[in-house]
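So the structure is just underneath, and the comments pick up after that.
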Amino acid sequence: MSTTIPILRLGPVLLISVQVELQDATAEALQQDILEQLEQTDADAVVIDISGLDVVDSFIARVLTDTASMARLLAARCVIVGMKPEVAMVLLEMGLVLPELETALDVRAGLLRLGYALRRVAGEVEGGRA
């Protein structure tokens, strides 16, 4: 099942920017799409930008955590970026600490956490190891 959420490839990194509220079925389909892309490509990292989400319930949090764990089993690291402070507070209030989940403030910080940096080369943005 394919979602309408695009998965962009930046060299060895898969970048997913979630700009719509995730329904349970969409979250599960996105998880499957990410895993298929990891299997079909030589990507070794995943960055999931959730800055467009105003709400992350316990099911979506579990899907994100499971996706990160599954990515690790496929030899890829996963970083969740762009979590809004109010989302973090609600997750903490629900008792979802998610210590195994790598996070960063934004895409740039997530890429740096993974050891990649974006740089401007001859007027174009290019990705590479930091």
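Residue under question is D44, and the condition is that it be of a type outside the set (K, R), in contact (Cβ under 8 Å) with a residue 40 or more places away in the chain and either within 19 Å of R108 (Cα to Cα) or touching a Gly at 6+ places or on another chain (Cβ under 8 Å) (or both); does it hold? Don't jump to the end; show me each part of the working.
Numbers: of a type outside the set (K, R): yes; in contact (Cβ under 8 Å) with a residue 40 or more places away in the chain: no; either within 19 Å of R108 (Cα to Cα) or touching a Gly at 6+ places or on another chain (Cβ under 8 Å) (or both): yes.
No: the conditions fail for D44.
How many of the residues in the stretch 73-90 are in contact with an Asp or Glu (Cβ under 9 Å, 6 or more places away or on another chain) and closer than 18 Å to S58 by Cβ? First the steps, then the outcome.
Of all residues in the stretch 73-90, those in contact with an Asp or Glu (Cβ under 9 Å, 6 or more places away or on another chain) come to 74-82, 84, 86-87, 90.
Adding the requirement that they be closer than 18 Å to S58 by Cβ leaves 80, 84, 86-87, 90.
Residues that pass the stated criteria total 5.
Listed by first and then second residue, the pairs with beta-carbon distance under 7 Å, at least 6 apart or on different chains, first residue in the stretch 48-64 and within 19 Å of M94 (Cα to Cα), second polar (S, T, N, Q), are V63/Q31. State which residue is modelled with the lowest pLDDT when the search covers only the stretch 21-41 and only residues that are of a type outside the set (D, E, K, R) and touching a helix residue (DSSP H, G or I) at 6+ places or on another chain (Cβ under 7 Å). Step by step, filter the stretch 21-41, then rank; the result is L22. Can L53 be described as of a type outside the set (K, R), more than 12 Å from the chain's Cα centre (by Cα), crowded, with 16+ Cβ neighbours inside 10 Å and at pLDDT below 90? In short, no.
The C-beta contact set for the stretch 77-100 (first residue touching a residue at least 12 places away in the same chain (Cβ under 8 Å) and among the β-branched types (V, I, T), second residue assigned to a helix (DSSP H, G or I) and surrounded by 14 or more Cβ atoms within 10 Å (Cβ to Cβ), distance under 7 angstrom, 6+ apart or interchain) comprises V79/G110; V79/R113; I80/L64; V81/V107; V81/A109; V81/G110.
Any residue at all in the stretch 112-130 that's at pLDDT 95 or above, of a type outside the set (S, T, N, Q), on the phi < 0 side of the Ramachandran plot and not in a loop (DSSP other than H, G, I, E, B)? No, the stretch 112-130 contains no residue that is at pLDDT 95 or above, of a type outside the set (S, T, N, Q), on the phi < 0 side of the Ramachandran plot and not in a loop (DSSP other than H, G, I, E, B). Note on the stretch 58-80: residues that are closer than 12 Å to A45 by Cβ and part of a strand (DSSP E or B) amount to 3.
Among the residues of the stretch 17-33, is any over 16 Å from K84 (Cα atoms), free of Cβ contacts under 8 Å to residues at least 60 places away in the same chain and touching a Pro at 6+ places or on another chain (Cβ under 8 Å)? There is no residue in the stretch 17-33 that is over 16 Å from K84 (Cα atoms), free of Cβ contacts under 8 Å to residues at least 60 places away in the same chain and touching a Pro at 6+ places or on another chain (Cβ under 8 Å).
The values are calculated or read from the model by the stated rules, or taken from the named source; none is laboratory data. Everything numeric here is computed off the predicted structure, so don't read it as measured data. Virtual Cβ from ideal backbone geometry, glycine too; neighbours counted across all protein chains shown.
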